[in-house]
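The values are calculated or read from the model by the stated rules, or taken from the named source; none is laboratory data. These figures come from a predicted structure and were not determined experimentally. All Cβ positions, glycine included, derive from the backbone under ideal geometry; neighbour counts span all protein chains shown.
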Amino acid sequence: MAYLKHSRVQFFITTIRSQCRKCNVRFSLSKGYEVNIDGERVQGYFQEPVHSRYAHGVLRVGIGSRRTSDWLYTLAHEYAHFLQWMRDDPIFDTPHYYDLEAQTETEALAICREFKLPIPRRVLLKEHHRYMKKLGRTRLLQ
């Protein structure tokens, strides 16, 4: 896992780990391609802590058998959800899933630029457009 030795990736992961620890959120990178949440398989997720029940939160991303750029972008996306929750951003509690995900995608791109992650710009934009197109189809079907 040489990609984890890249200084920008290490700094990004260290930052996330530190912030999660302070907010009672367990952070993990899974060796599997996908991770489980509520009986579903996904590439990553963020679940906020439930302080009334003393339950910790979770930020988890599957990295196994995935290109570094793919899982790093997923991590940036889930980290954006964490930041939205942490700063009490109203978008985090919106009932409109598409609006939440559109805002999160925009923020994930900004996070990748801010941390100067080793993801080519064309790959970032391709992943962004692919996900938004998928969400557009989902929105039409609902």
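Cβ-Cβ below 6 Å, separation at least six or inter-chain, first residue in region 83-109 and within 13 Å of PHE46 (Cβ to Cβ), second buried (at least 18 other Cβ atoms within 10 Å of the Cβ) and among the small types (Gly, Ala, Ser): which pairs? Pairs that qualify, where the first residue is within 13 Å of PHE46 (Cβ to Cβ) and the partner is buried (at least 18 other Cβ atoms within 10 Å of the Cβ) and among the small types (Gly, Ala, Ser), are THR104/ALA80; GLU107/ALA80; ALA108/ALA76; ALA108/ALA80.
Flag set for TYR131, criterion: surrounded by fewer than 20 Cβ atoms within 10 Å (Cβ to Cβ) and touching an Asp or Glu at 6+ places or on another chain (Cβ under 7 Å). Scanning region 20-44 for residues that are more than 14 Å from the chain's Cα centre (by Cα) and of a type in the set (S, T, N, Q) turns up ASN24, ASN36. Identify, by number, the condition in (1) of a type outside the set (Ser, Thr, Tyr); (2) under 21 Å from LEU135 (Cα atoms); (3) part of a helix (DSSP H, G or I) that VAL9 doesn't meet. Among (1) of a type outside the set (Ser, Thr, Tyr); (2) under 21 Å from LEU135 (Cα atoms); (3) part of a helix (DSSP H, G or I), VAL9 violates only (2). When you scan region 90-111, do you find a residue that is surrounded by 13 or more Cβ atoms within 10 Å (Cβ to Cβ), part of a loop (DSSP other than H, G, I, E, B) and within 16 Å of the chain's Cα centre (by Cα), even just one? For region 90-111, residues surrounded by 13 or more Cβ atoms within 10 Å (Cβ to Cβ), part of a loop (DSSP other than H, G, I, E, B) and within 16 Å of the chain's Cα centre (by Cα): absent.
On the given criteria, is ILE63 surrounded by 13 or more Cβ atoms within 10 Å (Cβ to Cβ), under 28 Å from SER7 (Cβ atoms) and within 11 Å of the chain's Cα centre (by Cα)? It is false that ILE63 is surrounded by 13 or more Cβ atoms within 10 Å (Cβ to Cβ), under 28 Å from SER7 (Cβ atoms) and within 11 Å of the chain's Cα centre (by Cα).
Tell me the residue from VAL61, VAL123 that is within 16 Å of THR15 (Cα to Cα) and among the β-branched types (Val, Ile, Thr), please.
Numbers: VAL123 fails: within 16 Å of THR15 (Cα to Cα).
Being within 16 Å of THR15 (Cα to Cα) and among the β-branched types (Val, Ile, Thr) holds for just one of VAL61, VAL123, which is VAL61.
Among ARG60, ARG17, ARG21, ARG53, which is the only one that is farther than 25 Å from LEU124 by Cβ, of a type outside the set (S, T, N, Q) and modelled with pLDDT of 95 or more? One residue alone meets the criteria, ARG21. For region 78-89: of the residues being aliphatic (A, V, I, L, M) and within 11 Å of the chain's Cα centre (by Cα), which is nearest to GLN19 (Cα to Cα)? So, considering only residues that are aliphatic (A, V, I, L, M) and within 11 Å of the chain's Cα centre (by Cα), the one nearest to GLN19 (Cα to Cα) is LEU83. If you take the residues of region 36-55 that are touching a helix residue (DSSP H, G or I) at 6+ places or on another chain (Cβ under 7 Å) and in a strand (DSSP E or B), which of them is farthest from ARG21 (Cα to Cα)? By that ranking, first place goes to GLY44. Every listed requirement among (1) hydrophobic (A, V, I, L, M, F, W, C); (2) in contact (Cβ under 8 Å) with a residue 40 or more places away in the chain; (3) closer than 23 Å to VAL123 by Cβ is met by VAL35 save one, (2).
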